[in-house]
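Where a number appears in this text, it was derived from the coordinates with a stated rule and is not lab data. None of the values given here were measured: they were computed from a predicted structure. Positions of Cβ are generated from backbone atoms using ideal geometry, with glycine treated the same way; all protein chains shown enter the neighbour counts.
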Amino acid sequence: MAIWQCVKQCGACCHLDPKYRPDLHEYLNPDELELYFSMVGADGWCMNYDHDTRECRIYSDRPRFCRVEPDVFEDMYSINSEDLNDFAIECCQQQIEGVYGDRSLEMLRFNQTIGYIAKL
């Protein structure tokens, strides 16, 4: 069984371009929406994402919507803790594919890290 974990120096989730996330209003409250939009740079990436190090500059103080935690996902997406692992894996795979491609080094690293074996 694959176990979700964040892969350092990926950053796919830091690509915040709202045109690729049309349902933001469904899971972010008005204050979070305002914060989210304020974090999006002209290139669609989070202004706190360091492209050189491929890391978040505010990781320890990042907003709630940037955290993969059971209580956050239950509140935002109605995902219970038993389903969080599979949901988080699917979210990451979709985001990595959208940002870097399904055969990217980032996807390969993520799938190897979580122990995911593709079904052939």
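Restricting attention to segment 77-117, the residues that are under 21 Å from Met1 (Cα atoms), in a helix (DSSP H, G or I) and of a type in the set (Val, Ile, Thr) total 4. With respect to (1) of a type outside the set (A, V, I, L, M, F, W, C); (2) loosely packed, with under 12 Cβ neighbours inside 10 Å; (3) farther than 25 Å from Asp102 by Cα, the lone exception for Glu74 is condition (2). When Glu106 is tested against the conditions (1) acidic (Asp, Glu); (2) surrounded by fewer than 17 Cβ atoms within 10 Å (Cβ to Cβ); (3) within 20 Å of Lys8 (Cα to Cα), the lone failure is (2).
Summed over segment 1-42, residues that are assigned to a loop (DSSP other than H, G, I, E, B) and loosely packed, with under 12 Cβ neighbours inside 10 Å total 7.
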